[in-house]
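These notes are about the structure you will find just below.
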Amino acid sequence: MSAEQAPDSPPVTADEFRHAIGHFPTGVCVITTAVDGEGFGATVSAVASLSTEPPMLLVCLKDTSRTLGAVKRRGLFVVNMLEEGQASVAAHFATRDGAKIRDVDPGGNVLPRIEGALGSIECEVESMVRGGSHLVITATVRSVQISHGRPLTYYRGRYGGFLPALSLVKPCD
């Protein structure tokens, strides 16, 4: 195998890259926050653990996202890890439609969470750096809540479930 690209190869197009990266399955999350009594949310698949000491993660949001603007203003957000039966929730938050979250705490003390999610991770923004059309947010984890179930996944443009291929280790509860 060669790790080198031919010097006269044309650059990869956005469509070619989207097709290729679509072959990489991911979990599906909804990022939520609230500012001045208004709730914001966006479906994302670009979420990753960054560090365990201290607990940190990273998330990527499109630079034109209204949710990103709210995260910048608030400095806090929740990563809601969707359960396999929540494809409609993922689709709802994947649009640019107006108000996606109702019944937001008017005092602004409680961040909105997705009911029935597999888990939620409350985070505080540490830094943001541009990566193409997105901002990469690094954040410190403030709290976690986990329930039981199976994750919603995204693969080749479709939502689905998860079936373990091997059971070599005992799962953590």
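Values as computed for the structure displayed
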| quantity | calculated |
| --- | --- |
| Evaluation of residue 63 against (1) open to solvent by less than 30 Å² (accessible area, probe 1.4 Å); (2) in contact with a strand residue (DSSP E or B) (Cβ under 6 Å, 6 or more places away or on another chain); (3) over 23 Å from residue 151 (Cβ atoms) (one fails), failing number | (1) |
| Residue check, residue 111 modelled with pLDDT under 95 and crowded, with 18+ Cβ neighbours inside 10 Å | yes |
| Count - residues of the stretch 26-49 that are more than 15 Å from residue 135 (Cβ to Cβ), touching a strand residue (DSSP E or B) at 6+ places or on another chain (Cβ under 6 Å), open to solvent by 10 Å² or more (accessible area, probe 1.4 Å) and in contact (Cβ under 8 Å) with a residue 40 or more places away in the chain | 5 |
| Condition broken by residue 13, with the remaining ones in (1) under 15 Å from residue 141 (Cβ atoms); (2) open to solvent by 40 Å² or more (accessible area, probe 1.4 Å) satisfied | (1) |
| Of all residues in the stretch 135-173 being in a strand (DSSP E or B), of a type in the set (S, T, N, Q) and open to solvent by less than 100 Å² (accessible area, probe 1.4 Å), the one that is modelled with the lowest pLDDT | 153 |
| Hits in the stretch 110-125 (condition: closer than 18 Å to residue 49 by Cα and of a type in the set (Asp, Glu)) | 122, 124 |
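The values are calculated or read from the model by the stated rules, or taken from the named source; none is laboratory data. Small disclaimer: the values here were computed from a predicted structure and weren't measured. No Cβ is skipped: glycine too gets one built from the backbone with ideal geometry, and neighbour counts run over all protein chains shown. Heads up: the accessible areas ignore ligands, DNA and RNA and are worked out on the full protein's heavy atoms, side chains in. Shrake-Rupley method; radii C 1.70, N 1.55, O 1.52, S 1.80 Å.
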